[in-house]
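A quick write-up on the structure given underneath.
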Amino acid sequence: MKKRFALLILAFTISVTANAQKAAKAFYAELGGPGLASANFDMRFAKKEDGFGFRVGIGGFSLSDGFGDRTGILTVPVGVNYLIGKDQKNYFELGAGFTYINATSSSSGFSSDNFSSSFGNLTLGYRIAPAKGGFFFKAEITPVFGNGFFIPYYGGVAFGYKF
């Protein structure tokens, strides 16, 4: 009887392990937030839907005044986050990270100026990320801080796909 019970538990363990879910991943576009205007990848560290994870992205934009003056901004947001949720769809997100920023400015026919820096951020937000994949949404308050500044009421929204 003990051998049958042990074999049953072993078979159940192998079955659960073989069918274990993969670590949750998402790809999304974010407006506002740490990347200003960015494309991001987010993944959990463990093979589950909630808990600790990370994000990395790349973003930026270019502005022109119509007279030959042009400004370009590149951002690279990186951070860690923690998702809290029980229903496998709705989560509260806590996170922290930093964003590298590089800006270039050029005048028509004249020299160009370059600027690079970084700033830190915190994330407090809500996210929808269905366990079986699909539409991804998040809205967040993202206080940002750096050398001599603090903006407490900054935020962002993101839309994408969770897989």
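The values are calculated or read from the model by the stated rules, or taken from the named source; none is laboratory data. Being a predicted model, the structure only gives us computed values, none of them experimental. Note that each Cβ is placed from the backbone with ideal geometry, even for glycine, and that neighbours are counted across all protein chains shown.
Worth a mention:
- Verdict on GLY125 being in contact with a Gly (Cβ under 6 Å, 6 or more places away or on another chain) and within 22 Å of LYS25 (Cα to Cα): no
- Residue within the stretch 68-79 that is part of a helix (DSSP H, G or I), under 23 Å from GLY156 (Cα atoms), at pLDDT 90 or above and not polar (S, T, N, Q) present: no
- Breaking point among (1) closer than 20 Å to LYS22 by Cβ; (2) over 16 Å from the mean Cα position of the chain (by Cα); (3) of a type in the set (A, V, I, L, M, F, W, C), for ILE101: (1)
- Pairs linking a residue in the stretch 52-74 that is surrounded by fewer than 16 Cβ atoms within 10 Å (Cβ to Cβ) to a residue that is outside any strand (DSSP E or B) and among the hydrophobic types (A, V, I, L, M, F, W, C), with Cβ atoms under 6 Å and 6 or more positions apart or on different chains, are PHE52/PHE45.
- Of the residues making up the stretch 63-71, at least one is out of contact with any Asp or Glu (no Cβ under 8 Å at 6 or more places or on another chain) and acidic (Asp, Glu).
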